Structure formats: C-alpha cells, structure tokens
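Novice: I am attaching a structure below and will ask some questions about it afterwards.
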Amino acid sequence: MAVLPVERKPLSFAERTYMPQIFSGLKTTFKRMIKPAETLEYPEQRPTIPNGYRGVPTLVKDPHGREKCVSCQLCEFVCPPKAIRITPGEIPLESPTGHVEKAPQAFDIDMLRCIYCGLCQEVCPEEAIFLQNQYSMSGYSRAEMVNHKDRLYELGGTLPDKHYKWDKKKSAEDAAAHGGGHH
Amino acid sequence: MIAPPKPELVTVNIDGREIAVPKGTNIIEAARMVSVDVPHYCYHPKLTVVGNCRMCLVEMGLPAVDPATKAPIMDPATGKQKINWMPRPTIGCATNASPGLHIRTTSPMVKECREGVMEFLLINHPLDCPICDQAGECKLQEQATGYGRGYSRFIEQKNVKPKRTLLGPRVVLDDERCVLCSRCIRFCKEVAKDDVLGFIDRGSYSTLTAYPGKKLENNYSLNTVDICPVGALTSTDFRFKMRVWFLKQTNSIDTESSVGANTVVWSREGVIYRLTPRRNDAVNDTWMADSGRLLYKQVRTDDRLATVQVNGAESGRDIAVNAASERFKQGGVAIVGSGRSSVEEQFLAKKLAAALKAPAYLVSRVGKGDNLLISADRNPNVRGALVTGLIQTLPSAHLTELAASIDAGRIKTVVSLGEDLTAAGLSAAQLAKVSVIYLGTHANPTSAAAKIVFPGLTVFEKNGTFVNQQFRLQKFHKAVPGFTGAIDDLTVLAKLVAAASSSGTAVASEINALWTSLAAEIPALGTVLFKNLPETGLLLDSTPWAGLPYAESATLHYQLAQPALATA
C-alpha cells in the first residue's frame, strides 16, 4: 500500500500555551471535589442491599422457631455446581415438631462451589432456604468455607411465614384426636 | 421337553393399531404391547384384578353385527365394519381382549375420566411430597402431572388419618397417602399367604390396617412397599435415607439362596441404599424376600478384609502371590471352593485345582426352604460349580474327607475361597497343621489362621454370573466400587492359576476376556458370552446333572424334577 504523507496541522497560539487544556482539566477536578463521593469506604462503610439481592444461601426458621427445612433434597438435586449436601433424618415422634417427621441431620453448603444462582431458593417447597443479604464469605481453609447446618441457621435467622402449613396440619390432627374436625 | 401349547391369539385394535394378543390378556397389558400407557393404581400383573381405583377407564367398542342375521354391519363411509362404541367407559384391567375389540385411550371422554378420578384421589391427599419417600417413583405424582387439574377445588378440611403407623417391624404406614388400591392386601393374601391386612371404616374414612393383634411381619412384607403405587407404605430401613432420584440402578442377583431372585441395587456415590426385586417371570415374578434386602449391609462393615497379609503382616498382592506359589511347589494342596463364588471364580478355581492336581471341595449350606423364594440350598451357585466341573457330586456341610487328609498329613496347603473352614468342620488344630491361603471378604477364624490373606469383593462390587436352582445362568453387575484395599477375586485367582501352572502363562482376569475361554472350555455354556447373556438369564441344559439329590423343595417357578426311577 502506498504511504500518504499527511501534513500536521500547525497549533494555534492558545494551544501552544497549553492553558485551555489545563483549565478544562482543573474544572473537572474542582467539580468532583465538591460533589458527594460515589465510592464506599469498605469495610467501614457497607452498601445498602437492594431487594431481591442474591447473597449467601441460608436456612431460616419460622416465627415459632421451627426449622423449616424437611430435607426433601430438591435443592441438592437442582444445585448446578453441586454445592449442597444433605443427610436426611427423622424427627422423633415425641418431639414438638414430630408431625413433620423429617428434618436434615446435616446440611452443608460449600461456599467455594456456590455460584449464588438462587435455584435452591426457587425450588424449595417449604420456603426454607433463602439467599439473603450476606455477600462476603471468607475463611482461612477450605473446610472453613463450608457452611454447616448451625451456621446456616445462624446466618438465616427467622423470616415471616405466610402459610404455617405444618401448624395447620398439627391443629387438624389435634382436632381429630379430640373428636372435632374430620374423622 | 414338551413345548407349551401355543396361546390362542385374538386381534384387538388399540387407538387405531391392530395387535394380536393371547386370549385373556387384559387391556392394560395389550396396550403395553403397543407402547400405549394406560394409567392404573390397583392393577398389578402378578395379583388378581379388583378394579377399584378406576384409573384405567378406557372407551370400548365392538364390531357391529345385525342382531337378526349376525351379518356384519358395514360403515358406508369407510367401507369397514361399523364399530359400536359403548356410551360409558370401562376399566381396562378387568376387560379381556376379545376378537375385534376396539379401544380408545386418548379420546376426550377417557381424558375426562382420568382427570375426574385424579381429582377424587387427590381430595384428601396430604400433599406432603417433600417428606414422602415415594416422591420420584410415585404413580400419584406421575398421573397428577399427566391428568391433574393443577389446583384444588376442594376447600373443605381434609381428612385426618393415622400417620407413621408401624404395620410391622419393617413397614411403616401413612394412611393419609393411601389410595385404597388394596395391592398390599392382595399380596399378603395371594402371594405371601399371610392374610393380615385389611380396610376398616367406610367411604372416605376407609383405613388400611393390620388385623388386631397381628402384624405384617412375614419375610415378604417389604414387597408391599414395592407395589404400593403411592407413599402409604414405606420401608423402615430405607425411610428418609435418600431420595430415589439420586440413586443409580444396577441389576444384580439375590445371593441368599439358590432361587437367585433378580434384584436391582440402588446406590449413590458408591454407597448402597436399598435392594429391590427386578421382574423376572421365570424366577421371582416381581418379588423378593425381606432377608435378601439386607444383604447390602455386608459391604460396609468393620470386619471387611482390607489388606493383603502374608504371615500376619501387611503385604502386597504380588508378594503374596509369590508366597502362595512357593507353597504350591511343595505340593499337597487342597482347594475349598464356594457355592457363593461366581461361575467365573469357580472356573478359575477349577483351573487352579487342575494345575495343582489338587482335590476340590465345596461346603453346602442347607436351611429350611419357605416354598416361595427362599430355597433350602442357601448357596446361590452350587449348580455353577457343577457346570464348571469344579465338583462332580453335591457338597456336604462338613469337610470330613479334607479333615481326614489333613490328619493323615497328605495336605500341606488349603486354599479357601471365602469359606470359613472352622464352620465347615475343621478343628483349630487341623487348621494349624496346614498353611491356609484365604481369599474372602470378611474376617473370620479362617482368615485369622490363614498364612496368606487376599481381601476380596462382595457380590455388589464385581461382575459375574450365578447358576440358580433351575440351571438358569444369571448375571450380576458391579454396583459400587470395590472396598478400599480389596482386590478383584478374578485377578487374584488368575494370578494364582498362572503361578501354579508349569508354563506360567497369564490367565485372563477381565470378565469378558475370561468368558471367551469359559465358553470354549465348558460345553454346557455353548456360545454364551457375558456381554450377550440376557438380563433375565439363560436356561442351561441340566440333563447331565439331573439325577443328583438336590436339597431344594419346590419354590415359585421351580418344580422338583421327578426322580428318573419313578417313571421307569
């Protein structure tokens, strides 16, 4: 290809002094100096978490303190990176929640595997697992990055319940046992 | 052999497709032959028909004939015989194929019927699928997906029925989930012959229960769990252990007796969770005994052998094979094979015996047969030892001949393939006189006394075949990886055979390679190969061994062979 020599445009006087460029730069600087800061001084300052944010998956209890998970293992099945591992167990009949019959013996979520997709929350038929506001997980070892059942309930806390499905079941059973209700 | 009479065939038309089926076949089975699914709950191919679930309603029609002349009435539009469709649906399970029968399973009426039945069944259903063990293999779930309304019109309070009731030591009943199909009742009555279940109360209060003072505790009780189309009956052993959709299914064979019931091993990530029967109409139909379902527990026990040992010290496989080879060179070897070993292992054991010119023995285990699916011979594969030629006569429970040889000093080394020699009648003093080479799965007095120990695999950890009491060759597959430290029995045996033979040539230990020589050397097996052996097994010609005094009495699908002298 042929080379086309292009004449450089000669600079004007103002351009040769560099002053307009310096001032326009300083204008931006001063403007930013008086504007409120747009960054956060993390970790002293924390962001406000918007609704629907998908943080660390946690297990929740209902307002009566019953653990909602019944270890149906649907989250374990649906989890794309296979981060969830559940060992199901039976609730003894004498227990106050004996009518629920089933609860997890162990519930582990490996946060090194979790991709925060929220499918576990979506699939949960008992509304027991939620991706809440917690976004920062750190640890010194791989083992520390696995959230066990106790930690999951600690992170999750209690959330309001719309249905009280199992309480209704219990009261129907009690009514039946005392001759009321059906059967 | 006399060929069974050919069944009379009748042609029926299902959803426009003609098929010839044996007379007496019901519509559900006939539809299955043309890959048309007729949903059902109460019908079970191996139980009587009661027709109480009403799920299999289909539309039925018969070719029209003139009432007076019996001449076919033709339809001028199609040029074919006119079909008189019945105005109301009929149940498929109790309708037998008759010539020219026409069935519609996809018409709007049938669809409406199914939706109606589903709605009734779901009215009082507790919808506790998240805690129900049947979820994933539940007919109610499947049919609700296909014919469910998707929402409930029932706003009244649902029935409350007993939950978590123990019907027996192995079966838990949840009455709320029960759809009253009565399969379990019919099974107990007709197959297990232990009529303990029944319905009490009426209408929507109907409840399944055991008769007062009785329990569902016969050795076949867990079959009721298998045939329960919903989650009403669950197994105490499998309850809440694992969801079925995680489990891998591997075909296997029950080893508790010579019946050789076909089974499925359900495992996840190398752990077995349950055993269930697999349908084989020639062996076990769709049943198996409860006792056989617990056999998977032998896989993970504390007394599993996990290290190769030479003179009590941990060693390596090849060192142990060399040590065995040294003992073989001194002569005086006897081989105690096992009726629990696979055909392939017995074949290699026979090769080992031939190479060493050693006598081979087997130990019999005789218990009480239950005339159903547990035979008197508690070894799964004594017939295999006959077929491979490891033994010529039936074994006895005690190794008296071997004991005498040891006392006489003729035997210096005993190779035991998983048999506990002390249980088979050898004294500790006799064991101390010889050096024992033990290849087995679990620790026992023999493995403790053995000079060389090879840790072997259980039936769930290897491939192989058994020959059951009918001389049916049946294969089992590896369901889970071998126990850490254990070696495939075939590898050990192949190495021992190579060490014992004068030429020292390698022997195939991989099952498919081994089968080429097995089939070539054993005429009874003909052209069978492991890979082309059907999953339901292959009946071998048993005439060479017909006159032997077998321990078995009649069981399901097994009749005692008439003694040859009786007819002569």
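Novice: Quick one: B:Ala508 ticks every box in (1) of a type outside the set (Lys, Arg); (2) part of a loop (DSSP other than H, G, I, E, B); (3) surrounded by 24 or more Cβ atoms within 10 Å (Cβ to Cβ) bar one, so which box is it?
Specialist: The one condition B:Ala508 does not meet is (3).
Novice: So is A:Ile129 touching a helix residue (DSSP H, G or I) at 6+ places or on another chain (Cβ under 9 Å), within 14 Å of chain B (Cβ to nearest Cβ) and under 27 Å from B:Lys241 (Cα atoms) or not?
Specialist: yes
Novice: Moving to a separate point now. Considering only the range B:37-69, how many residues are of a type in the set (Asp, Glu) and over 17 Å from B:Ala144 (Cβ atoms)?
Specialist: Residues that pass the stated criteria total 2.
Novice: Give the residues of the range B:100-149 that are more than 27 Å from B:Ile14 (Cβ to Cβ) and of a type in the set (Gly, Ala, Ser), sorted by residue number. Before the answer, list the steps.
Specialist: Initially, the range B:100-149 is screened for residues more than 27 Å from B:Ile14 (Cβ to Cβ), giving B:122-136.
Within the range B:100-149, B:Ala135, B:Gly136 meet the criteria.
Novice: Something else now. In the range B:98-117, is there at least one residue being loosely packed, with under 15 Cβ neighbours inside 10 Å, away from chain A (no Cβ under 14 Å), under 24 Å from B:Leu247 (Cβ atoms) and free of Cβ contacts under 8 Å to residues at least 60 places away in the same chain?
Specialist: For the range B:98-117, residues loosely packed, with under 15 Cβ neighbours inside 10 Å, away from chain A (no Cβ under 14 Å), under 24 Å from B:Leu247 (Cβ atoms) and free of Cβ contacts under 8 Å to residues at least 60 places away in the same chain: absent.
Novice: Does at least one position in the range A:138-151 carry a residue that is surrounded by 15 or more Cβ atoms within 10 Å (Cβ to Cβ) and within 14 Å of chain B (Cβ to nearest Cβ)?
Specialist: no
Novice: Ok, one more. Of all the residues that make up the range B:233-273, how many are part of a loop (DSSP other than H, G, I, E, B) and within 14 Å of another protein chain (Cβ to nearest Cβ)?
Specialist: Going through the range B:233-273 one residue at a time, the tally reaches 10.
Novice: While we're on this one: Would you check if there is a residue in the range B:459-466 being more than 16 Å from the chain's Cα centre (by Cα), outside any helix (DSSP H, G or I) and assigned by TED's automatic domain parsing to the domain that holds B:Ala353?
Specialist: Checking the range B:459-466: at least one residue is more than 16 Å from the chain's Cα centre (by Cα), outside any helix (DSSP H, G or I) and assigned by TED's automatic domain parsing to the domain that holds B:Ala353.
Novice: Restricting the search to the range A:59-93, which residues are under 16 Å from A:Lys169 (Cα atoms), more than 12 Å from chain B (Cβ to nearest Cβ) and loosely packed, with under 15 Cβ neighbours inside 10 Å?
Specialist: Matches in the range A:59-93: A:His64 only.
Novice: Look through the range B:127-149, keep the residues that are over 21 Å from B:Phe238 (Cα atoms) and assigned to a loop (DSSP other than H, G, I, E, B), and return whichever of them is nearest to the other protein chains (Cβ to nearest Cβ).
Specialist: B:Gly148
Table: residues versus (1) in contact (Cβ under 8 Å) with a residue 60 or more places away in the chain; (2) outside any loop (DSSP other than H, G, I, E, B); (3) over 20 Å from the mean Cα position of the chain (by Cα).
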{"site": "B:Ala355", "(1), (2), (3)": "yes, yes, yes"}
{"site": "B:Asp370", "(1), (2), (3)": "yes, no, no"}
{"site": "B:Asn379", "(1), (2), (3)": "yes, no, no"}
{"site": "B:Ile391", "(1), (2), (3)": "no, no, yes"}
{"site": "B:Leu394", "(1), (2), (3)": "yes, no, yes"}
{"site": "B:Ala403", "(1), (2), (3)": "no, yes, yes"}
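Novice: Still on this structure: If you go through the range B:475-498 one residue at a time, do you hit one that is of a type in the set (Phe, Trp, Tyr), more than 30 Å from B:Gln330 (Cβ to Cβ) and not in a helix (DSSP H, G or I)?
Specialist: Checked the range B:475-498: at least one residue is of a type in the set (Phe, Trp, Tyr), more than 30 Å from B:Gln330 (Cβ to Cβ) and not in a helix (DSSP H, G or I).
Novice: Pairs please, first residue from the range B:150-162 and more than 10 Å from every other protein chain (Cβ to nearest Cβ), second anywhere and surrounded by 13 or more Cβ atoms within 10 Å (Cβ to Cβ) and in a loop (DSSP other than H, G, I, E, B), Cβ atoms under 9 Å, 6+ apart in sequence or on different chains.
Specialist: Listed by first residue and then by second, the contacts come to B:Ser152/B:Leu127; B:Phe154/B:Asn124.
Novice: Can you name the number of the only condition in (1) within 14 Å of chain A (Cβ to nearest Cβ); (2) without any contact (Cβ under 8 Å) to a residue 24 or more places away in the chain; (3) among the basic types (Lys, Arg) that B:Lys82 fails?
Specialist: (1)
Novice: Charged (D, E, K, R) and within 20 Å of B:Gln559 (Cα to Cα): is that true of B:Arg378 in this structure?
Specialist: Details: charged (D, E, K, R): yes; within 20 Å of B:Gln559 (Cα to Cα): yes.
Against the criterion (charged (D, E, K, R) and within 20 Å of B:Gln559 (Cα to Cα)), B:Arg378 qualifies.
Novice: Being within 30 Å of B:Gly547 (Cα to Cα), touching a Pro at 6+ places or on another chain (Cβ under 8 Å) and of a type in the set (A, V, I, L, M) is the requirement here; does B:Leu390 meet it?
Specialist: In short, no.
Novice: Given the conditions (1) part of a helix (DSSP H, G or I); (2) touching a residue at least 12 places away in the same chain (Cβ under 8 Å), which single one is not true for B:Gln469?
Specialist: With respect to (1) part of a helix (DSSP H, G or I); (2) touching a residue at least 12 places away in the same chain (Cβ under 8 Å), B:Gln469 is out only on (1).
Novice: What are the residues in the range B:316-336 that are crowded, with 19+ Cβ neighbours inside 10 Å and not in a helix (DSSP H, G or I), if any?
Specialist: B:Val333, B:Ala334, B:Ile335, B:Val336
Novice: Return the total of residues in the range B:286-315 being more than 22 Å from B:Ala479 (Cα to Cα) and part of a strand (DSSP E or B).
Specialist: Counting residues in the range B:286-315 that are more than 22 Å from B:Ala479 (Cα to Cα) and part of a strand (DSSP E or B) gives 6.
Novice: Here's a follow-up. Hey, any hits in the range B:339-352 for a residue that's of a type in the set (Gly, Ala, Ser), surrounded by fewer than 23 Cβ atoms within 10 Å (Cβ to Cβ) and more than 21 Å from B:Ser405 (Cβ to Cβ)?
Specialist: No; the residues of the range B:339-352 include none that is of a type in the set (Gly, Ala, Ser), surrounded by fewer than 23 Cβ atoms within 10 Å (Cβ to Cβ) and more than 21 Å from B:Ser405 (Cβ to Cβ).
Novice: Now a separate question. Within the group B:Ser447, B:Ser416, which residue is within 25 Å of B:Ser375 (Cβ to Cβ), more than 24 Å from the chain's Cα centre (by Cα) and touching a residue at least 60 places away in the same chain (Cβ under 8 Å)? Spell out how you get there, then give the answer.
Specialist: Details: B:Ser447 fails: within 25 Å of B:Ser375 (Cβ to Cβ).
Exactly one of B:Ser447, B:Ser416 is within 25 Å of B:Ser375 (Cβ to Cβ), more than 24 Å from the chain's Cα centre (by Cα) and touching a residue at least 60 places away in the same chain (Cβ under 8 Å), namely B:Ser416.
Novice: Further question on the same structure: Applying the selection to the range A:104-126, what residues are within 14 Å of the chain's Cα centre (by Cα) and within 14 Å of chain B (Cβ to nearest Cβ)?
Specialist: Passing the criteria: only A:Cys120.
Novice: Given the criterion surrounded by 24 or more Cβ atoms within 10 Å (Cβ to Cβ) and in contact with a helix residue (DSSP H, G or I) (Cβ under 8 Å, 6 or more places away or on another chain), identify the matching residue among B:Ile411, B:Ile391, B:Ile374.
Specialist: Only one candidate qualifies: B:Ile374.
The values are calculated or read from the model by the stated rules, or taken from the named source; none is laboratory data. Everything numeric in this text was worked out from a predicted model, so none of it was measured. Note: ideal-geometry Cβ built from the backbone for every residue, glycine included; neighbour counts use all protein chains shown.
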